[in-house]
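**Q** Take a look at the following structure, please.
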Amino acid sequence: MSGSNGSMAGKIVLITGASRGIGKATAMGLGRMGARLCLVVRDLEKGKAVAAQIAARGNRDVEVLRADLASQADIKRVAAEFDERHDRLDVLINNAGALCSARKLTVDGIEHTFAVNHLAYFMLTCLLRDKLKASAPARIINVSSSAHARGRIDLDDLGKERKYGGMGAYSQSKLANVLFTYELARRLAGTGVTANCLHPGVVFTGFGGGEPGWLKLMTRLATPFMLSEEEGAETSIYLASSPEVEGVTGAYFVKSKRRQSSRLSYDAELSRKLWEASEKMTGVRWD
Ligand SMILES: NC(=O)c1ccc[n+]([C@@H]2O[C@H](COP(=O)([O-])OP(=O)(O)OC[C@H]3O[C@@H](n4cnc5c(N)ncnc54)[C@H](OP(=O)(O)O)[C@@H]3O)[C@@H](O)[C@H]2O)c1
């Protein structure tokens, strides 16, 4: 793995969506490097199975916390649980994601893709910011996607009530990840906490596999060209551990290299407005 030779011994890493796919491979990789892991999963049994696999490879320092990231109450509870149990957080990896071909609402009445892919990243980060600041140098890593480049943010219709398409909602949420990361980096300037985002590559994880139709077909056709889960985890692991990115903040990475994100993602005014909308939708405030 290029450049990710930093020791993670003793570092506390919280990672969401660690029950499978890229999140699981990221947890396994960081576990091998000696990190103390907190896996946030919505299915405790799946999380415990991942923890057992990490333990079987020699690292027993793995905690599993349950949260459905589509529920704001769950996010608040899990952040409070983490806060109570730990006096530091060295790396926060917002990784859990979903793609819904049909529009559906969360228990909070918010469009599901936007809630899980963006608002959960936003909430967890805001709720844990003091712990991160107290642990500086600390790192925040938001798993986005190259799909962000097709994304548009409609501030008047973030829940896509007027016209819903699974890919449109997904791209919007992944653009939100990049805009959020850049605004976060601005707000964290001088604190020693960095914020970066990434595209993991096109990875064979079964992502969107529960969804009907064209997406399944596209995935099947693309399968021979897709990365393994371990390859898909490399950039997250690099950003979490490499001394090469010490102090680097507000950047987008692909294949462990800094890359330009879409032109729209650099719109600071849009970032700020999205932040304000996110505060309103969650009731969680930065200040
Ligand atoms: N795969 C790709 O090619 C690709 C490309 C670009 C970006 N990405 C991004 O990479 C990240 C990980 O994707 P992946 O491919 O590893 O997907 P995956 O295999 O489908 O895994 C998604 C993870 O998110 C969790 N999750 C989904 N909804 C949740 C909720 N409401 N509450 C808590 N956890 C929830 C899942 O938990 P359960 O096990 O409980 O379902 C699972 O652990 C996502 O942010 C995705 O947008 C993936």
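Each value in this text was obtained by applying a stated rule to the coordinates, not by laboratory testing. Quick caveat: nothing in here was measured; it's all calculated off a predicted structure. In this analysis, Cβ positions are derived from the backbone assuming ideal geometry, glycine residues included, and neighbour counts consider all displayed protein chains.
**Q** Given the options 274, 185, 29, identify the residue whose Cα lies farthest towards the positive end of the charge dipole of the chain (+1 on Cβ of Lys, Arg; -1 on Cβ of Asp, Glu).
**A** Most positive-ward Cα: 29.
**Q** Given the pairs 11/273; 104/174; 133/257, which span a C-alpha to C-alpha distance of over 23 angstrom in this model? Before the final figure, lay out the partial values.
**A** Values: 11/273 34 Å; 104/174 18 Å; 133/257 25 Å.
Listed pairs above 23 Å: 11/273; 133/257.
**Q** Could I ask something else about it? Net charge around residue 64, counting only other residues with Cβ within less than 15 Å of its Cβ (Lys, Arg = +1; Asp, Glu = -1)? Provide the component values of the computation, followed by the final result.
**A** Working: positive: 20, 24, 36, 42, 46, 48, 60, 66, 77, 85; negative: 43, 45, 61, 63, 68, 74, 81.
Overall, the nearby charge balance is +3.
**Q** Then there's this: So for each of 198-207, 167-176, 44-53 I average, over its residues, the number of other beta carbons within 10 Å; can you give me the resulting order with the highest mean first?
**A** On the way: 198-207: 20.4, 167-176: 24.5, 44-53: 16.3.
Ranked from most to least packed, the peptides come out as 167-176, 198-207, 44-53.
**Q** With the crude spin-label approximation of a point 7 Å out along Cα→Cβ, what separation in nm comes out for residue 217 versus residue 49?
**A** Reported label-point gap for residue 217 and residue 49 is 3.1 nm.
**Q** Another question about this same structure. Compare the peptides 251-263, 26-38 by average per-residue count of other Cβ atoms within 10 angstrom and give them in order, highest first.
**A** Working: 251-263: 16.0, 26-38: 23.3.
Per-residue Cβ counts within 10 Å, averaged per peptide and sorted highest first, yield 26-38, 251-263.
**Q** For residue 24, go through the aspartates and glutamates and keep the ones whose alpha-carbon is under 17 Å away, minus same-chain ones fewer than eight residues off.
**A** Excluding near neighbours in sequence, the set is 43, 45, 61, 63, 68, 229, 230, 231, 234.
**Q** Going by the alpha-carbon gyration tensor, a ≥ b ≥ c the square roots of its eigenvalues, is segment 12-282 rounded (a/c under 1.5) or, if a/c is not under 1.5, prolate (a/b greater than b/c) versus oblate? Show your work: numbers first, answer last.
**A** Working: a/c = 1.32, a/b = 1.15, b/c = 1.16.
Cα axes put segment 12-282 in the rounded bin.
**Q** Can you order the peptides 65-73, 117-125 by their average number of other Cβ atoms within 10 Å per residue, highest first?
**A** Values: 65-73: 19.2, 117-125: 26.4.
Result, highest mean Cβ count within 10 Å first: 117-125, 65-73.
**Q** At 222 nm, what helix-only mean residue ellipticity would the chain give, in deg cm²/dmol to the nearest 500, using -39500 (n - 2.57) for each DSSP H run of four or more?
**A** Working: 9 runs with 112 residues, N = 287.
Computed mean residue ellipticity for the chain: -12000 deg cm²/dmol.
**Q** Taking Cα centroids, how far is segment 173-206 from segment 235-274 in Å?
**A** For segment 173-206 versus segment 235-274, the Cα centre distance is 5 Å.
**Q** Using the charge dipole of segment 12-282 (Lys, Arg: +1 at Cβ; Asp, Glu: -1 at Cβ; taken about the Cα centre), state which of 107, 18, 64 has its Cα farthest towards the positive end.
**A** 18
**Q** Using the Kyte-Doolittle scale, find the helices of the chain whose mean hydropathy is at least -0.5 and whose Cα atoms extend 27 Å or more along the helix's long axis, counting only whole DSSP H runs.
**A** Numbers: long enough: 166-187 (31 Å, -0.15).
Qualifying helices, which must be both long enough and hydrophobic enough, are 166-187.
**Q** In nm, to one decimal, how far is the modelled label at residue 130 from the one at residue 154, with both set 7 Å along Cα→Cβ?
**A** 3.9
**Q** Moving on. Rounded to the nearest 20 debye, what is the charge dipole size of the chain about its Cα centre when +1 sits on each Lys and Arg Cβ and -1 on each Asp and Glu Cβ?
**A** Values: 40 positive and 31 negative charges, 89 e Å.
Dipole size: approximately 420 debye.
**Q** Taking amide hydrogens as modeled 1.01 Å from N in the peptide plane, which residues meet the under 5 Å criterion relative to residue 193, leaving out close sequence neighbours?
**A** 138
**Q** Where in segment 128-142 is the amide nitrogen less than 18 Å from a point lying 7 Å along the Cα-to-Cβ axis of residue 258?
**A** From segment 128-142, the list is 138-142.
**Q** To continue, here is another question. Quick one: divide the alpha-carbon radius of gyration of segment 88-208 by 2.2 N^0.38 Å and tell me what you get.
**A** Working: Rg = 14.7 Å, N = 121, 2.2 N^0.38 = 13.6 Å.
Relative to the rule-of-thumb radius for its length, segment 88-208 sits at 1.08.
**Q** DSSP loop GluC sites (Glu not before Pro) in segment 66-165 with at most 12 other Cβ atoms within 10 Å of their Cβ, which ones?
**A** Details: sites: 81, 84, 111, 161; in loops: 161.
Loop-located and lightly packed - 161.
**Q** While we're looking at this one, here's another question. Let's see if you can work this out: charge +1 on each Lys and Arg Cβ, -1 on each Asp and Glu Cβ, no other charges. What is the dipole magnitude of segment 23-173 about its Cα centre, in debye to the nearest 20?
**A** Values: 24 positive and 18 negative charges, 97 e Å.
It comes to approximately 460 debye.
**Q** Still on this model: Each residue of segment 111-118 in turn: what ³J(HN,Hα) in whole Hz from Karplus with 6.51, -1.76, 1.60 and θ = phi - 60°, glycine and Pro shown as x?
**A** These are the phi-based 3J(HN,Hα) values: 4, 4, 4, 5, 5, 6, 7, 10 Hz.
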